[in-house]
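Everything on this sheet refers to the single structure shown next.
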Amino acid sequence: MQKTENSSKTLRAEAYDRVISLLNIQALRPGQVVTQRELLEQTGTSLAAVREAIPRLEAEGLMIALRQRGLMIPNVDVAFVRNAYQLRVILELEAIANAPKHIPLATIKEWEALHRGILQRLEDEGPTEAIAETAQDIDWSMHDQLIDSLSNDLISEVYRVNSVKVRMAAQKRLLVTPFNVVRVMNEHLDILEALREQRGADAAAAMRKHIGNSMQLALGGDID
């Protein structure tokens, strides 16, 4: 019995994670209506797992149940985007301020190496979708780990759901592409170099600039 319950929880979590991945890459878009069967096909899980994951997605404001129609991906407006980025600044600057205590120097150096590796691959291979996808994983992972370094489950959960909604609102403007990967990697390196050298004010300024650029793009603007 215990084994069956654990298996059910694992399948539900897998279905939930796959839906989140679809939202993050805009394979599910704001305003789109989907059925449970369509989610089953897109996630490759079971119908039971999808059904069990839906209440959590609804509770987090990532889906809205429509009677007789299915599930709608909610629209997220400009006001939300501005508020969401203000929250990002508050949380990520707190993580930056505490990084010297919570993040080993070896981890920061490892992150730097990953970013420099992406830039080297761009020089060697030119801009490709494969490099952009790897860079996107590095981007999201670094931000998530910075937040998780605070060891506050509530902050991590709020940040995670907030990030999903921002990506939903901004559609494809926030994804790392072969054309913006150099800028994103260099903005991260400015943050990481300052952290490694324990220049807290510079790390905070670099993070503010990075988040500010992201907000500008999310709102439909351009970066000079």
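Quick look at the numbers
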{"item": "Flag for T45 being at pLDDT below 95, surrounded by 19 or more Cβ atoms within 10 Å (Cβ to Cβ) and out of contact with any His (no Cβ under 7 Å at 6 or more places or on another chain)", "result": "yes"}
{"item": "Single unsatisfied condition, P74 versus (1) in a helix (DSSP H, G or I); (2) of a type outside the set (S, T, Y); (3) at pLDDT below 95", "result": "(1)"}
{"item": "Scope the stretch 65-105; condition in contact with a strand residue (DSSP E or B) (Cβ under 7 Å, 6 or more places away or on another chain) and exposed (fewer than 13 other Cβ atoms within 10 Å of the Cβ); matching residues", "result": "A65, L66, R69"}
{"item": "Matching residues in the stretch 31-47 - criterion: being outside any loop (DSSP other than H, G, I, E, B), more than 24 Å from D77 (Cβ to Cβ) and either out of contact with any Ser or Thr (no Cβ under 8 Å at 6 or more places or on another chain) or assigned by TED's automatic domain parsing to the domain that holds V161 (or both)", "result": "Q36, R37, E38, L39, E41, Q42, T43, L47"}
{"item": "Any hit, the stretch 62-71, residues being modelled with pLDDT under 95, closer than 26 Å to Q216 by Cβ and outside the structural domain of L146 (by TED's automatic domain parsing)", "result": "yes"}
{"item": "Which numbered condition S151 fails, given (1) in contact with a Gly (Cβ under 8 Å, 6 or more places away or on another chain); (2) on the phi > 0 side of the Ramachandran plot", "result": "(1)"}
{"item": "Which listed residue, of L57, L28, L22, is in contact (Cβ under 8 Å) with a residue 12 or more places away in the chain, in a loop (DSSP other than H, G, I, E, B) and either surrounded by 15 or more Cβ atoms within 10 Å (Cβ to Cβ) or within 16 Å of the chain's Cα centre (by Cα) (or both)", "result": "L28"}
{"item": "The stretch 24-38, residues that are among the aliphatic types (A, V, I, L, M) and within 14 Å of I64 (Cβ to Cβ)", "result": "L28, V33, V34"}
{"item": "Residue match in the stretch 211-223 (condition: of a type in the set (S, T, N, Q), in contact with a helix residue (DSSP H, G or I) (Cβ under 9 Å, 6 or more places away or on another chain) and in contact (Cβ under 8 Å) with a residue 60 or more places away in the chain)", "result": "yes"}
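The values are calculated or read from the model by the stated rules, or taken from the named source; none is laboratory data. The model shown is predicted, which means the values in this text are computed figures rather than measured ones. Note: ideal-geometry Cβ built from the backbone for every residue, glycine included; neighbour counts use all protein chains shown.
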